[in-house]
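The values are calculated or read from the model by the stated rules, or taken from the named source; none is laboratory data. Keep in mind it's a predicted model, so treat the numbers as computed, not measured. Counting neighbours? That spans all protein chains shown, and the Cβs are built from the backbone with ideal geometry, glycine included. In case anyone asks, the SASA skips ligands and DNA or RNA and just uses the protein heavy atoms, side chains included. Shrake-Rupley method; radii C 1.70, N 1.55, O 1.52, S 1.80 Å.
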Amino acid sequence: MAAAEQSSNGPVKKSMREKAVERRNVNKEHNSNFKAGYIPIDEDRLHKTGLRGRKGNLAICVIVLLFILAVINLIITLVIWIVIRIGPNGCESMEFHDSGLLRFKQVSDMGIIHPLYKSTVGGRHSEDLVITGNNQPVVLQQGSTVLKVDKNKTSITSDIGMEFVDPRTQNTLFSTDYEKHEFHLPKGVKTLNVLKASTERITSSASSDLKINVDGQITVRGNEGVFIMGKTIDFRTGGNIVLKAENSIVLNGSVMVTPSRLPTSTGELMYDDGTERYKLCMCADGTLFRVLVESRNMGCQTSVNPCGATF
């Protein structure tokens with residue numbers, strides 16, 4: 001660019017045309033100079049910004065972890081929405097109360113339920129509580145007590161006993177408390193199936209019979225004796241009937257023995273084979289005693305006659 005002309009009186013003023021030409025020349029030079037304002041600098045000396053190296057890898061791991069948590073949260077939300085059915089109006093299938101009550105409002109499909117200590121399972125006052133198993137028995141267990149509802153039977157097993165109480169009146173309908181000495185079967189229950197029972201007495205009503213049936217062997221023991229009373233006493237067994245007593249067995253009443261049903265021996269009895277044989281004898285008062293058979297056609301004579309004696 002040419003220097004401004006000066007005179008002794010100061011700089012010479014340019015005309016408007018000269019100023020426009022000068023401005024056009026300056027703009028033309030600047031537009032053709034692409035390196036104007038460029039300063040070469042080494043890039044290694046520049047300050048680097050952003051996450052690089054270990055920080056970058058850590059940032060990627062954090063982002064991936066947040067993505068996995070978001071997916072898990074989405075799955076949980078879908079389960080809550082579809083399975084548990086929790087919506088803006090609350091849970092569609094169950095209710096939670098301040099008293100700790102959990103109420104199911106719809107049919108619920110559950111596997112194994114572990115209730116808390118002393119929990120109660122019940123239904124509404126005007127509706128039945130229906131519990132069904134898919135080809136499996138329904139089992140309710142609390143500690144050692146197990147209630148098993150099967151297709152053909154219902155069984156209750158407990159090591160500490162059981163008690164049925166009316167929730168409205170709190171009256172005991174049935175109890176296995178042995179200190180009460182009686183079972184007191186509820187009205188309508190006619191059969192009691194137990195493996196072992198300890199009680200002072202077993203009775204039936206005056207208009208019905210008392211029947212005790214067992215599949216195997218039955219043993220009746222009494223610490224102070226066993227007394228069986230009834231209008232008619234009938235013992236039926238497929239094996240042997242064994243009556244054991246420390247002193248004596250007294251049959252007070254009409255005792256009938258059918259000889260045709262007694263086992264008989266075929267052939268001649270041998271008394272010298274070393275086997276002890278006894279004859280069953282009975283006194284007039286019903287006392288039974290045995291006599292060692294020492295010879296053929298021996299009667300009930302014995303040196304110590306128990307008839308009339310006090311034992």
### Message
Would you confirm, using the coordinates I've provided, whether Thr219 is within 21 Å of Phe174 (Cβ to Cβ) and without any contact (Cβ under 8 Å) to a residue 24 or more places away in the chain?
### Response
no
### Task
Would you please name the residue that is modelled with the highest pLDDT, looking only at residues in segment 46-59 that are assigned to a helix (DSSP H, G or I) and open to solvent by 100 Å² or more (accessible area, probe 1.4 Å)?
Leu58
### Task
Select, from Val220, Val291, Val250, the only residue that is of a type in the set (A, V, I, L, M), under 30 Å from Glu200 (Cβ atoms) and at pLDDT 80 or above.
Val220
### Task
Go through segment 191-227 and count every residue that is within 31 Å of the chain's Cα centre (by Cα) and either within 21 Å of Thr176 (Cβ to Cβ) or surrounded by 10 or more Cβ atoms within 10 Å (Cβ to Cβ) (or both).
10
### Summary
Residue hits (segment 131-148; in a strand (DSSP E or B) and open to solvent by 60 Å² or more (accessible area, probe 1.4 Å)) are Val139, Leu140, Gln141, Gln142, Lys148
### Residue tally, condition among the hydrophobic types (A, V, I, L, M, F, W, C), at pLDDT 75 or above and open to solvent by less than 70 Å² (accessible area, probe 1.4 Å), over segment 80-114
3
### Message
Looking at segment 1-23 only, could you name the residues that are exposed (fewer than 10 other Cβ atoms within 10 Å of the Cβ) and modelled with pLDDT of 70 or more?
### Response
Lys13, Ser15, Met16, Arg17
#### Entry: Residues of segment 152-170 classified as farther than 23 Å from His114 by Cα and open to solvent by 90 Å² or more (accessible area, probe 1.4 Å), total
4
#### Entry: Asp150 vs. criteria farther than 30 Å from Gly50 by Cβ and modelled with pLDDT of 80 or more
yes
